[in-house]
Amino acid sequence: MDNLNGEIFHMDDDDWKDFENYSYTDIPILPGTAPCWPESLEINKYIIVVIYALIFLLSLLGNSLVMLVVLYSRVSRSVTDVYLLNLAMADLLFALTLPIWAVSKAKGWIFGTPLCKVVSLLKEVNFYSGILLLACISMDRYLAIVHATRTLTQKRHWVKFICLGIWALSLILSLPAFLIRRAVYPPGSSPVCYEDMGANTTKWRIVMRVLPQTFGFLLPLLVMLFCYGLTLRTLFQAHMGQKHRAMRVIFAVVLVFLLCWLPYNLVLMADTLMRLGVIEESCDRRKDIDRALNATEVLGFFHSCLNPFIYAFIGQKFRHGLLKIMAIHGLISKEFLAKDGKPSFVGSSSGNTSTTL
């Protein structure tokens, strides 16, 4: 089959059968061949475009402010702040791809294979790096509070190496999506950014599902549950009220991440089990899962703009840091900054582990 770029794209009969029956958020079912014809989503399509545009603007503004505040607070910057800085960078990089995803929702994939690979890579890197950074934060809090020790991560150069390692691991785990994604031009339908895995597409798609759900979600989630479970037990047993208040921002960040991404991963798991035959597939069930995938994916995208709101409403130090920057540049009066008051930093027995946010 010739595609619009003049390249030759070949799918054998088994590939086309899998492609025709594969209904996913961006993938259309080919007319006249699919057993379950989806409901018209023309109105929902443009609602999603508006939502993506809103997420893009909020994420661009919010995460830029977070990075600005953390970079300004050199003296009080903690290990957790460095992790949160990298988390804001990951969300910002992903947000920059949202206009492209929005256009693809409305017009189909009109950007060709190279951009398909790049934006797919950034999407995967954002997902992996986000939960890996949160897992590192949970381990740092666990070592600092439960073991009350000055860990190696308290040294700035070690934190930098850890963050570089997280970015490298996220990139490695995201490479399969980069390698197999390309622009596909099915007959009678809009072009899509789709996985081209050659023969045994169903088998490889299952592998591509299990990889992120295992290494990018389940394992880091278990680490966080273990670390925060013991951390909370220690805080309550020792009646450390101040430290408990200092942890509110971190717990809120983790909770929001789970609320945004857990539904998508659960639906994705159900879809995978149905493709493996563990769950019986029917037309109505396929449509229900497709609708759930669309809705929960949008919820997951929302995560990229929510953390700054957590810092603004819960993190007193973030608000003070932002007001301080605004006062330095003459955007607000210094009297207003004085009324806000400088928050006291709640330390821990492990040294400078309080969070600027």
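The values are calculated or read from the model by the stated rules, or taken from the named source; none is laboratory data. Computed from a prediction, not measured in an experiment: that's the story for all the values here. Cβ: placed from backbone, ideal geometry, glycine included. Neighbour counts: every protein chain shown.
Summed over the stretch 264-283, the residues that are over 13 Å from the mean Cα position of the chain (by Cα) and not in a loop (DSSP other than H, G, I, E, B) give a count of 12.
Would you confirm whether any residue within the stretch 214-237 is of a type in the set (S, T, N, Q), more than 20 Å from the chain's Cα centre (by Cα) and modelled with pLDDT of 80 or more?
Residues of the stretch 214-237 that are of a type in the set (S, T, N, Q), as a first pass: 214, 231, 234, 237.
From what's left, more than 20 Å from the chain's Cα centre (by Cα): 231, 234, 237.
Filter once more, keeping what is modelled with pLDDT of 80 or more: 231, 234.
Yes, the conditions are met somewhere in the stretch 214-237.
So, residue 81, is that one surrounded by 22 or more Cβ atoms within 10 Å (Cβ to Cβ), in contact (Cβ under 8 Å) with a residue 24 or more places away in the chain, touching a His at 6+ places or on another chain (Cβ under 8 Å) and assigned to a helix (DSSP H, G or I) or not? When the stated conditions are applied, residue 81 does not pass them.
Answer with yes or no whether residue 112 is touching a Pro at 6+ places or on another chain (Cβ under 6 Å) and either crowded, with 16+ Cβ neighbours inside 10 Å or at pLDDT 90 or above (or both). When the stated conditions are applied, residue 112 does not pass them. Could you please tell me which pairs satisfy a Cβ distance under 6 Å, a separation of 6+ or placement on different chains, a first residue in the stretch 312-340 that is of a type in the set (Phe, Trp, Tyr), and a second residue that is at pLDDT 65 or above and assigned to a helix (DSSP H, G or I)? Close Cβ pairs satisfying both conditions: 318/69; 318/311. Residues in the stretch 91-106 that are more than 20 Å from residue 171 (Cα to Cα), among the aliphatic types (A, V, I, L, M), modelled with pLDDT of 90 or more and surrounded by fewer than 16 Cβ atoms within 10 Å (Cβ to Cβ): 103 only. Scanning the stretch 161-171 for residues that are farther than 14 Å from residue 211 by Cα and surrounded by 15 or more Cβ atoms within 10 Å (Cβ to Cβ), we see that the one that is farthest from the chain's Cα centre (by Cα) is 162.
On the basis of being farther than 17 Å from residue 262 by Cα, part of a helix (DSSP H, G or I), aromatic (Phe, Trp, Tyr) and modelled with pLDDT of 75 or more, does residue 309 make the cut? It would help to see each step written out before you state the result.
Values: farther than 17 Å from residue 262 by Cα: yes; part of a helix (DSSP H, G or I): yes; aromatic (Phe, Trp, Tyr): yes; modelled with pLDDT of 75 or more: yes.
Yes.
Before we move on, is residue 85 touching a helix residue (DSSP H, G or I) at 6+ places or on another chain (Cβ under 7 Å) and either under 24 Å from residue 302 (Cα atoms) or at pLDDT below 85 (or both)? Considered against the rule, which asks whether it is touching a helix residue (DSSP H, G or I) at 6+ places or on another chain (Cβ under 7 Å) and either under 24 Å from residue 302 (Cα atoms) or at pLDDT below 85 (or both), residue 85 comes out as yes.
Taking the stretch 172-204 as the range and being modelled with pLDDT of 80 or more, among the aliphatic types (A, V, I, L, M) and either touching a helix residue (DSSP H, G or I) at 6+ places or on another chain (Cβ under 6 Å) or buried (at least 19 other Cβ atoms within 10 Å of the Cβ) (or both) as the test, the residues that pass are 173, 177, 183, 184, 192.
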